[in-house]
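Right, one structure below, let's go through it.
Quick note: the coordinates plus some simple rules give every number you see, no bench work behind them. Note that the structure is a prediction, hence the values are computed from the model and not measured. Methodologically, a virtual Cβ is constructed for each residue, glycine included, from the backbone with ideal geometry; neighbour enumeration extends over all protein chains shown.
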Amino acid sequence: MFLVVFLLAATAAAQCSATFDGRIPRNATKALFTSAQSPFNPKYVLGQNVTWDQVVDFPDVGPSVFDKKVGGKPIEIIINDKSIFASSSEGAETALRRSELLVNNKPNTVSGKKTWFMSFRSSPTRPLNLTHEYVLAFHEAQDYQADFYSLKLGTPMHPRNTTPSYGQLIGYQSPLLTPDHFSNGSVLYLQGYKYASPVQTYFIVPFTEGTWHNLGLYLDYNDNVLQVLYSTGHERLNMVTPMLANNLSGAAPTTLGETHFGLQKRPVGANLTNFLYEGEQELGINETIVVGGIWQIQGHPKNCSIA
Ligand SMILES: *[C@@H]1O[C@H](CO)[C@@H](O)[C@H](O)[C@H]1NC(C)=O
Ligand SMILES: *[C@@H]1O[C@H](CO)[C@@H](O)[C@H](O)[C@H]1NC(C)=O
Ligand SMILES: *[C@@H]1O[C@H](CO)[C@@H](O)[C@H](O)[C@H]1NC(C)=O
Ligand SMILES: *[C@@H]1O[C@H](CO)[C@@H](O)[C@H](O)[C@H]1NC(C)=O
Ligand SMILES: *[C@@H]1O[C@H](CO)[C@@H](O)[C@H](O)[C@H]1NC(C)=O
Ligand SMILES: *[C@@H]1O[C@H](CO)[C@@H](O)[C@H](O)[C@H]1NC(C)=O
Ligand SMILES: *[C@@H]1O[C@H](CO)[C@@H](O)[C@H](O)[C@H]1NC(C)=O
Ligand SMILES: *[C@@H]1O[C@H](CO)[C@@H](O)[C@H](O)[C@H]1NC(C)=O
């Protein structure tokens, strides 16, 4: 009897507890991000010979809704011409620009029933070029050969003289979206499994300058479903989609994997067949995204009075 009560209590305690906390304390310096104390991998994913203290900054904007509660502060993630990642197996990805905070070797964050929280807003001084496709968050499979979901911003990558496609729009489409948002790339959208045919877009909203866009992403790795929660500014999150089917758990032995947050800028051009190496990027860029409140809990936010 005692044992049963104890086990129930233990399960209840695990519900809603933080399984990862990437919220940055107000007194943190850039050096945190290159140190072993960083909540993220201090070495990846960056241009060759670039270090995290060179591409992180503390912008002059107020905290996001999830940082406010814990005295956290936003960070600004920078990409420039040096942001060319070189992997040991595939060499320098010359047509991409990447600075991505990495949560890896943490199987607990990519299994079970988890919810990620994250907030994004434009930089007051170093805007993005939304004629490009940017990836702000994604879950990459352990063998690096697939992305299970990707949060994107901007104009979907497309060969020159073709029409950009957002894939199959299901789930939530903001009533505030206008044709102008689509044509100028001011759209934030969540896509599912990379190799789904067609690729599915589960969530799409306007990306508004100077406004926090807050996401909750409930991921059920056991049942391969996800649900999107969303708000702007300091509003409470709302569930904006039903549970939607998506390949989250991969197939053994390629399950688990890692989660990336930050900036990945994809190229434009005529031939994007192999967009790691083919396609164009302007030189002389100095672009950032403002990021706040990255953390993860066990279970669904509705059970935790968060939504
Ligand atoms: C920030 O403040 C916390 C709590 O007061 C302290 O433990 C930590 O060492 C401080 N960090 C830095 C980088 O000053
Ligand atoms: C990085 O540093 C290594 C060793 O000094 C050098 O060989 C390489 O060319 C550098 N790469 C870049 C992109 O600067
Ligand atoms: C934005 O990107 C497009 C496509 O690469 C390029 O033609 C344009 O010059 C860029 N705009 C700015 C302001 O850099
Ligand atoms: C894109 O279009 C929207 C809707 O008209 C507008 O509010 C926004 O300022 C535009 N953004 C850019 C970068 O032109
Ligand atoms: C799910 O993703 C894995 C790649 O990790 C793939 O092997 C598998 O075929 C996918 N399953 C479906 C149903 O798409
Ligand atoms: C496009 O890129 C692919 C992959 O790198 C290459 O094999 C092909 O020759 C290129 N096609 C053209 C027209 O440049
Ligand atoms: C990038 O932009 C920021 C903000 O405007 C500026 O302070 C910085 O000097 C720029 N960096 C480069 C290398 O131009
Ligand atoms: C949320 O709470 C309900 C009712 O207690 C429970 O059935 C459900 O499994 C919980 N959801 C998650 C994701 O833990």
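Table for the structure above
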item	result
Region 211-221 - phi-based ³J(HN,Hα) in whole Hz, Karplus 6.51/-1.76/1.60, Gly and Pro as x	10, 6, 10, 10, 10, x, 10, 7, 10, 9, 6
Karplus-derived 3J(HN,Hα), 6.51/-1.76/1.60, for each residue of region 165-179, Hz, glycine and proline x	10, 8, x, 8, 7, 10, x, 10, 10, 4, x, 7, 6, 10, x
222 nm mean residue ellipticity, helices alone, for the chain (DSSP H n ≥ 4; -39,500 (n - 2.57); rounded to 500)	-2000 deg cm²/dmol
Inter-probe distance in nm under a simple model that places probes 7 Å from Cα toward Cβ, at Q37 and E280	4.6 nm
Long-range amide H partners of K152 with built H, under 5 Å	L136, Y189, L190, Q191
Longest site-free stretch - the chain; sites: GluC sites (Glu not before Pro), DSSP loop, at most 15 other Cβ within 10 Å	91-208
Over region 63-219: Rg over Rh, Cα atoms, Kirkwood Rh	0.94
As computed over region 190-307, the Cα convex hull volume per residue (Å³)	161 Å³
Length-normalised contact order of the chain in % [C-alpha pairs under 8 Å, at least 6 apart]	28 percent
In Hz, Karplus ³J(HN,Hα) per residue of region 86-96 (6.51, -1.76, 1.60; θ = phi - 60°; x = Gly, Pro)	10, 8, 5, 8, 10, x, 6, 7, 5, 9, 10
Angle in degrees between helix 2-14 and the longest Cα principal axis of the chain, rounded to the nearest 10	20 degrees
Antiparallel bridges, percent of DSSP beta bridges restricted to the chain (to nearest 5)	95 percent
Sequence-distant residues sharing a close amide H with E280 (under 5 Å, placed H)	V268, G269
Largest to smallest principal axis extent of the C-alpha atoms in the chain, angstrom	68, 42, 40
Among Y195, T162, L272 - extreme Cα towards positive end, dipole of region 141-292, charges at beta-carbon	T162
